[in-house]
Structure formats: C-alpha cells, structure tokens
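Values in this text are rule-based calculations from the coordinates and carry no lab data. Source: prediction; values computed, not measured. When we count neighbours, we look across all protein chains shown, and the Cβ atoms used for this are built from the backbone with ideal geometry, even at glycine.
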C-alpha cells in the first residue's frame with residue numbers, strides 16, 4: 001500500500017502484540033468475572049446446549065417450547081435471580097455443534113475434574129479463543145501490509161478494547177470460535193499469491209471452511225471470500241501471461257479452477273455432511289439448517305414487518321442505525337443497559353473522524369501516481385467483500401426479525417478495525433490547517449443552529465473544541481513519534497472498557 005512505512009521494527013511489534021493480547025485478557029477477565037451469570041445475550045441457551053452435550057454425549061433437538069418468551073422477559077426483568085432457573089431456555093439448540101462439543105470437553109475437565117465454577121470456566125475458554133483470534137487478525141493484516149506493523153497492531157487493539165466485543169468474547173457463545181476460524185481462513189487467502197492454488201491448499205482451506213460452517217452458519221462469508229479469491233487469482237494468472245491467453249489454454253485453466261473449487265467445496269461439505277444428515281432426519285430434508293423449526297419455536301419474537309406495521313419505515317431505519325451503532329460499541333445485558341447520550345455522541349464523533357480519514361486515505365491512494373501493489377489491491381478487495389457480505393447478512397436477518405444488534409457485525413471486525421486505524425492515522429498525518437478549519441466551520445454551524453433554534457448545545461461545542469485540541473496534539477506527536485497517538489486512543493478505549501464494567505454493568509445487571 002502506498003502508505004509511509006512505520007518505524008516500528010519486527011521485534012518491538014511482536015512485543016506490542018503480546019502486550020495487547022495481555023491487556024485483552026485482563027479486560028476480558030474483568031468482564032467474565034464481574035458480569036453476572038446469564039447477563040450476556042443468549043448465554044443461558046448456549047450454556048444449556050453445552051450442558052446437554054456433556055450429559056448425553058449427543059446433540060439436542062430444537063423443539064417448540066424451547067423459547068418461553070414470557071418467562072424469558074420475566075427473568076430478564078428480575079436480573080436472573082438464583083431462584084429462577086435457566087434450564088428452560090434452549091432456543092440455540094439448532095446451532096452447528098463444534099463450539100459446544102469443545103466446550104463440553106472443557107466443562108468435564110474444569111468442573112467435573114477440577115471443580116471450577118460454571119459458567120466462569122466456559123467464559124475463560126471463550127476468552128482464550130478470543131486471544132487466538134486477535135493473533136490471527138494480526139497475522140492477517142501483516143500479510144496484507146507487510147511493511148506496516150502499526151496497522152496490524154491498531155486493528156488488533158481495536159478488537160481488544162472494544163467494550164461490546166469484550167463482553168461477547170468473555171461469554172458462553174459460539175461467536176468467538178467462528179470469528180477465530182474466519183480470521184484464519186481469510187488470513188490464509190490474503191497471504192496467498194495467484195499461483196499458490198493446489199489440491200493440498202484447497203483441501204486445507206475446505207477443511208477450515210467446514211469447521212467454520214460447523215461452528216456458526218454466519219461463517220458463510222468466508223466461503224464467499226474464498227470463491228472470490230479463487231476467481232480473482234484465476235484471472236490474474238491469465239493476465240500474467242504474455243498477451244491474451246490462447247484459446248486452447250482456457251478450458252484447461254477453467255478446469256483447474258473448477259477442480260480447486262470442487263476440492264474446497266467438497267471438503268467443506270464432507271465435514272458438514274454428518275450434521276446435515278442428522279438435521280434432515282430430525283427436521284426434514286427441506287430444513288437442513290433447522291431455520292424453519294427455529295422460526296416455529298421463536299414465533300413470539302418481534303419481526304421487522306410487525307414493527308413497520310406499528311411504527312412505520314422511518315422508525316425502523318432510525319432504530320436500525322441508532323441501535324446498531326450503540327450496540328456495536330457498548331449496550332450491555334440483553335440490550336437493556338444503554339449508556340448516556342453524551343457517551344454515544346463522543347463515540348460518534350470519534351467514528352466520524354475515523355470514517356472521514358479513511359475516505360481521505362482511499363482518495364489519496366487512488367490519486368497517487370504510485371499505485372499499490374497488486375497483492376495489496378487483491379487483499380483490500382477481499383476485506384471489502386468480507387465487510388460487505390457480513391453487512392448484507394446482518395441486513396437480511398433484520399428483514400426477518402427485529403435484531404438491531406451491532407455484535408452481528410463482529411465477524412468482520414478486522415476490516416472495521418483496519419479502517420478505523422487507517423482513518424485516524426490519515427487524519428493525524430495530514431496538514432493540520434484544513435482539519436482545524438473543518439472543526440471551526442462545524443462549531444460555527446452548530447452554534448448558529450442553536451441560536452436560531454433557541455437550543456445551544458454546549459456539550460457538543462465543548463466536544464468539538466476538545467476534539468480539535470486533541471487532534472492538534474496528536475498531529476504534533478505523530479510527527480515525532482509515529483504510532484504514539486494511536487496507542488493513546490486505544491489505551492483510552494481500554495480505560496473506557498474497564499469503566500463500563502464498574503460504571504454500567506455491575507450497577508445495572510447484578511440481581
């Protein structure tokens with residue numbers, strides 16, 4: 001990529017990576033220990049899946065009655081008191097089994113043999129998977145930008161300090177294993193060259209895809225990225241030849257591509273086949289993923305169509321945008337612990353600055369006479385597709401049920417974290433004058449609107465002034481110690497994540 005190289009050497013980068021992972025484990029331990037049991041979305045149902053596998057040595061069946069909506073609302077309202085059991089919450093029994101089988105083994109070791117408390121031991125298991133996912137994310141971004149360790153470290157730091165991500169990876173659920181496997185798959189795809197495809201590599205990728213699919217169906221995005229990479233690399237091999245490829249070569253090259261794709265897809269399906277066959281026998285051949293059974297079980301859950309009928313399309317779009325943003329950053333419990341508006345306003349300003357900086361970075365690279373290497377363009381295309389497929393899947397799910405939860409975007413946390421890091425760094429490295437001028441114009445516009453409307457927003461004006469001052473300080477530091485301002489941002493996010501535990505989770509979620 002046509003971005004200035006960082007002065008951080010390899011040894012220091014590895015040291016910083018270890019420090020970030022340790023920081024993540026410390027913060028994650030706070031969330032795992034201090035978040036009351038079951039006060040993470042769907043954790044009781046995930047835990048009951050693990051408990052069933054441990055007790056019976058087989059997979060549970062999703063049945064009508066596994067989603068007792070009235071009881072769930074009552075127990076949530078009472079903050080999951082000890083005298084209200086959670087055994088009836090089994091609506092995650094349709095999920096693919098890999099995480100639960102592994103977690104059942106951890107359960108037997110931690111509880112049955114070592115007498116460690118539950119669900120804390122399973123939360124620790126998820127937390128370790130999250131640490132492995134951070135390392136995979138670092139290797140992925142290093143493969144994309146080999147001369148830019150700061151970008152990889154920033155991407156990892158974003159995931160390690162994002163409060164809602166900490167909350168979810170320090171809980172009992174299959175999200176974190178799916179995230180790890182998807183990161184590993186796309187890391188391998190990004191690290192490949194166009195001529196690296198072979199039956200052995202396709203078999204390995206297909207096996208990883210099968211494991212990801214057996215963890216969470218949302219991992220389908222990795223299959224889309226793999227198929228796109230194979231097509232991209234096939235065309236790249238053609239372009240690498242001298243002149244247009246001979247017509248006689250085209251069928252053989254397409255046969256080679258189809259062979260690699262067949263091996264990849266075949267390995268994935270072979271791993272998934274026993275589970276799919278079991279579902280066909282249990283739920284019917286037309287319901288291999290138990291989605292129809294799921295819809296039947298959660299019949300009382302609010303759908304988007306019902307919400308539109310009650311409130312209209314504008315309310316749906318507003319809720320989608322606002323609630324998704326809130327719950328991407330920090331909205332704890334079962335979406336019931338909402339932070340003060342001023343906190344979200346600060347996070348919105350930070351996000352807006354990162355988005356503007358990222359757009360300016362892309363524009364600068366596009367206008368630059370020095371084009372990025374093809375490998376970087378390929379890697380960026382894969383990450384863009386990764387983010388797009390994840391977002392489309394999130395929107396599709398919300399056409400069925402009202403699920404405005406930003407955590408569903410976490411499977412693509414690497415692209416989000418990389419864009420956030422690139423954007424902030426780009427803003428800090430640009431000439432300071434236009435940036436401060438933009439802050440001034442925004443402040444004047446906000447002041448004028450307040451005077452006209454009779455409601456001057458003092459906090460917003462103070463926030464803009466503070467952001468301008470910090471941007472100026474960050475610009476000065478970036479010129480002297482590249483990467484230091486980003487480190488300060490992520491340390492600030494880490495402090496905010498720790499504060500969320502003591503300031504919002506404990507007071508609002510303990511019985």
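By the count of other C-beta atoms within 10 Å, a proxy for reagent exposure, 164, 113 are ordered fewest to most as 113, 164. The protection proxy used here, the mean number of other Cβ atoms lying within 10 Å of each residue, ranks peptides 139-145, 360-366 as follows, highest first: 139-145, 360-366.
When you count the other C-beta atoms within 10 angstrom of each residue and take the mean per peptide, 267-274, 44-51 line up highest first as 44-51, 267-274.
Label-to-label distance, residue 196 versus residue 319, with points set 7 angstrom from Cα along the beta-carbon direction: 4.5 nm.
Could you state the number of Å between the C-alpha centres of segment 85-128 and segment 461-476? Between the Cα centres of segment 461-476 and segment 85-128 lies a distance of 46 Å. In plain terms, the residue of 214, 84, 168 with the fewest other Cβ atoms within 10 Å comes first and the most crowded comes last, giving 84, 168, 214.
Before anything else, pin down the relative contact order of the chain: Cα pairs under 8 Å, at least 6 apart, normalised by residue count, whole percent.
On the way: 645 pairs, mean separation 109.0, N = 511.
The normalised contact order for the chain reaches 21 percent.
Given the choices (i) 24, 60, 16, 0; (ii) 20, 53, 25, 2; (iii) 24, 55, 20, 1, P(r) over Cα pairs in 20 Å bins from 0, in percent derived from the coordinates of this structure is entry (ii). In terms of other Cβ atoms within 10 Å, 490, 138 run from fewest to most in the order 490, 138.
Summary of packing: across the peptides 352-359, 130-137, the per-residue average of other C-beta atoms within 10 Å ranks them, highest first, as 130-137, 352-359. For the chain, adding -39500 (n - 2.57) for each run of n ≥ 4 DSSP H residues and dividing by the number of residues yields -23500 deg cm²/dmol at 222 nm.
Compute the Cα gyration tensor for segment 390-485, then decide on rounded, prolate or oblate, letting a ≥ b ≥ c be the square roots of its eigenvalues: rounded whenever a/c is under 1.5, prolate when a/b is larger than b/c in the other cases, and oblate in all that remain.
Numbers: a/c = 3.29, a/b = 1.28, b/c = 2.58.
Oblate is the answer for segment 390-485, as a/c is 1.5 or above yet b/c matches or exceeds a/b.
Going by Cα centres, segment 287-314 and segment 481-501 are how many Å apart? A separation of 39 Å, based on Cα centres.
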